[in-house]
């Protein structure tokens, strides 16, 4: 037999003494591979968690009004989830439509992804802030209290995403809920701007 032979399993293989192999059998213990995969998943989740906290902190400090509005609209979760679900269905439909018309397929598909993916990523920030507030109500207003709540809420979300059968459900719920909250916040902020201009 030519080339290296790799065997994956819990125990090393039994090779007959009369077997003619061009190279020895390389034994890869499956348990170690599984452990490495688990460690990789945990490390990836920790990095995602840290980056999400950083993005949340930037939103709190750079766009505090928008963050507060998004946090408030996330509290109206039935409406937020409905808006998020409707928006996601529309985006999927437009994506299929763009693919169907090959002339505009690629640019339209890129545009849809460019718009939707940031919303889907930011969705965890507002759901995490809501969840953190539910678990640990804020004693006093301020960025420190908000950041603590966000960190706690995101921790719960990311821990749930480590559970194999729950991961997908948590991801879908957070994306629909958070996307709806963001769109409602954008709508409320856009209505306030003209009102403020008229008042001035």
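Any read-out appearing in this document is the output of simple, stated calculations on the displayed coordinates, not a laboratory observation. A quick note: this is a predicted structure, and the numbers were derived from the prediction, not measured. Cβ sites come from the backbone with ideal geometry, for glycine too, and all protein chains shown count toward neighbours.
Any chance you could run the full-extension gain for residue 162 through residue 37? It's 0.36 nm times the residue separation minus the Cα-Cα distance, nm to one decimal. Let's see the in-between values first.
On the way: separation 125, 0.36 × 125 = 45.00 nm, distance 1.24 nm.
Contour length minus the Cα-Cα distance gives 43.8 nm.
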Estimated inter-spin distance, residue 136 and residue 54, nm [label 7 Å along Cα→Cβ] | 2.1 nm
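Could you sort the peptides 63-69, 145-151, 127-133, 113-119 by per-residue average Cβ neighbour count (10 Å cutoff), highest mean leading? The partial results should precede the final answer.
Values: 63-69: 16.1, 145-151: 20.0, 127-133: 25.3, 113-119: 13.0.
The peptides rank, most packed first, as 127-133, 145-151, 63-69, 113-119.
What ranking of 161, 45 emerges when the number of other C-beta atoms within 10 Å of each C-beta is taken as an exposure proxy, fewest first?
On the way: 161 20, 45 14.
Final ranking by Cβ density, sparse to dense: 45, 161.
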